[in-house]
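Accompanying notes for the structure given below.
The values are calculated or read from the model by the stated rules, or taken from the named source; none is laboratory data. Note that the structure is predicted; figures quoted are calculated from it, not measured. Neighbour counts run over all protein chains shown; Cβ positions are idealised from the backbone, glycine included.
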Amino acid sequence: MIIIKEKFNRFKKIFTFFAILFLGSALFFLNHIQAENGLPLEEVELQCTDYDHGQNYYEKNKAELRELNVAEPSVITEYDVCNEDGTLKEWYCEENEEGVSMNGKIFECPNGCQNGACLTINKTNSNDYALLNNLIGKLLLQVEDRGRIWYIDFAGNKHEVTFNNALIYLKL
């Protein structure tokens, strides 16, 4: 009886050893497959960047959503675009209790849409259009509201000039 008990205990130890070895190998293999295919080994952390700082319909820009803690991070980039019906598809970042996300919103531009931004001046009004033609390519100083500086591009859209983007508009 003692011999049978010893053999059973030895068999139990060997069986336990191989079961642990098998499960460990299986987990290692699954983690290796996940990492090899770029799948997250843990929860993915996302970062969203909106280059026109929110829902800014009068400035063409982009939004990017990037993965931070994965072996091969991916980046999704969406640009603000004008749709065929004259509306604007504006991309922006949003944060809520579930995390961060990148969303697109359709906006009806009151003066039309061109080059991924709403027009600030109605081109059908001849007085506005004449003024616009005189201001294209110029820097304008706004004396109210923090003394902002604006640049009017060749599509008639205004862009705020800041310390970070001043060289872009000075080169034009």
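Some observations on this one:
- Test set (1) under 14 Å from the mean Cα position of the chain (by Cα); (2) under 17 Å from G99 (Cα atoms); (3) among the acidic types (D, E); (4) at pLDDT below 85 - D52 fails condition number: (2)
- Taking first residues from segment 43-69 that are among the aromatic types (F, W, Y) and partners that are surrounded by 16 or more Cβ atoms within 10 Å (Cβ to Cβ) and in a loop (DSSP other than H, G, I, E, B), the Cβ contacts under 7 Å between residues at least 6 apart in sequence or on separate chains come to Y51/N61; Y57/C109; Y58/T120; Y58/N157.
- Within segment 70-104, tally of residues that are part of a strand (DSSP E or B) and under 25 Å from I152 (Cβ atoms): 8
- Selection of segment 94-130 for residues being at pLDDT below 80 and surrounded by 13 or more Cβ atoms within 10 Å (Cβ to Cβ) yields T120, I121, N122, K123, D128, Y129.
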